[in-house]
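Worksheet: one structure, shown below.
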Amino acid sequence: MTKMALIPTSMSTQRALLVGVELRSISSMLTIHDSLNELEQLANTGGMSVVGRICQKLSVPNTATYIGTGKIVELIDLIETTAADIVLFDSELSPRHQRELERIVGDNTQILDRTALILYIFANNANTREGGLQVELAQYEYRLPRLTRQWKHLARQAGGASGRTGSIGGVGLRGPGEKQLEVDRREITRRITKLKKELQKVRTHRSHHRKRRQNSKVSVVAMVGYTNTGKSTLLSRLSDTDILIANRLFATLDPTTRRITWPGGRSFLLTDTVGFIQKLPSTVIAAFRATLEEIVEADLLLHVIDVTHKCCVEQAHVVTKTLDDIGVSNIPIITVLNKTDLLIDIKLPDKIYNSFPDALPISGISGYGIPKLVASIQKYLKASTVEMTVSLPYRNGDLISVFHKYGIAVNATPGEESVKLSGELPVSVAQRFRKYRCQ
């Protein structure tokens, strides 16, 4: 099979029309206008220029065209007026909706939905082999039921002017287009199977890493939040390292992990995970299962909220729902209100204060509130430790290293044959030192 462009390889400088539908039968975290504003941000991240938008409220989507017939007329007029190259729907279109809309708008205008746009952005931002595999799998699973249009021109050639496949004696004949479609379907199905096997190897590799972490009990703190809330900035601040920071959606896709060791505190791993977003496609969640498992296995979560965003409360609810969906409701969470340096006198609006009364206001840029955050993280991690004084023979140098690496040595008194260490150790690691414990 010739390698096809699963999702357009470039959308730069393309002119896009946005289409949003508010379904009365489905509750949404954001209003239709706020959702379209977010879609425009996604479009800009993909390099497109938004030239107009259309909104409609419906009880249920139109069975053929998703939007109503009156809006179809309005859409066609707007395409001609704005010379739009792309019509971008804020919801995921079914294959039938997409085929019918493509037929109506013609070959000069492309129909895309929110899922296709997110996959395009993900593909551009995946920098590791794992990220590439995850995105490719999601693209193929999205593309498989939408193959018809790619070869319909061949089907027309095979079937004559009517556009139908020819027949002899009532028995249908397969034209070259239909044959190529079947070949591509089989090839994509084969590729999906191969990608799933490769990603299973990645998950197995991650599982081995997690088991080693659990054996040594290196605590893991995972940062979660809506996309573009400043998680990368906060990771850079807490780890004192330079990490890609960009003011755009999904600027960082692959998880970034840093080992953190603060003075007077034991080391732990701090991980920045992919940002969440409303209407995150199920295919994306499934493909990124290996990445999301980093959240599931964490000892503590930092929920980072952009306090300056007018929909920050709704965004936080999206994150909470996503966390519930992947089964992490039992992990303790510290909620932080980021970007407070952009507020006047760092004063929280009443709506935000009432929604997050226990949250810590911080700024990853200025460092405001970071000492309190550090103290809170240490407090949570300390809750899983025990105080212990042990006498370790010098011949057990491996145990001495373990104490210093995974615990906090407050006092060390060297002797002739052993060293006396006092401090804190993770509960699981402490079991290894029981017989060396001092009375």
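The values are calculated or read from the model by the stated rules, or taken from the named source; none is laboratory data. Not measured: the values here are computed from a predicted model. With ideal geometry, Cβ positions are generated from the backbone for all residues, glycine too; neighbour counts draw on all protein chains shown.
Against the test of being in the same structural domain as I260 (by TED's automatic domain parsing) and part of a helix (DSSP H, G or I), the options K351, K405 yield a single qualifying residue, K351. The numbered conditions (1) polar (S, T, N, Q); (2) modelled with pLDDT under 80; (3) within 31 Å of the chain's Cα centre (by Cα); (4) exposed (fewer than 13 other Cβ atoms within 10 Å of the Cβ) are all true for S384 except (4). Screening T322 with (1) at pLDDT below 90; (2) more than 30 Å from E40 (Cα to Cα) gives one miss only, at (2).
Tell me, yes or no, whether the stretch 385-397 has at least one residue that is under 21 Å from K231 (Cβ atoms) and part of a helix (DSSP H, G or I). No, the conditions are met nowhere in the stretch 385-397. Of all the numbered requirements in (1) surrounded by fewer than 18 Cβ atoms within 10 Å (Cβ to Cβ); (2) among the acidic types (D, E); (3) more than 15 Å from the chain's Cα centre (by Cα), D299 misses one, and that requirement is (1).
For every residue, the table says whether it meets (1) in a strand (DSSP E or B); (2) surrounded by 16 or more Cβ atoms within 10 Å (Cβ to Cβ); (3) assigned by TED's automatic domain parsing to the domain that holds H309.
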site	(1), (2), (3)
H33	no, no, no
V50	yes, yes, no
C55	yes, yes, no
V60	no, no, no
A64	no, no, no
G70	no, no, no
E80	no, no, no
L93	no, yes, no
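When L133 is tested against the conditions (1) part of a loop (DSSP other than H, G, I, E, B); (2) under 21 Å from V202 (Cα atoms), the lone failure is (1).
Does Y380 satisfy being outside any helix (DSSP H, G or I) and under 24 Å from L269 (Cα atoms)? In short, no. Restricting attention to the stretch 354-377, which residues are part of a strand (DSSP E or B) and not aliphatic (A, V, I, L, M)? Scanning the stretch 354-377 gives a single hit, P361.
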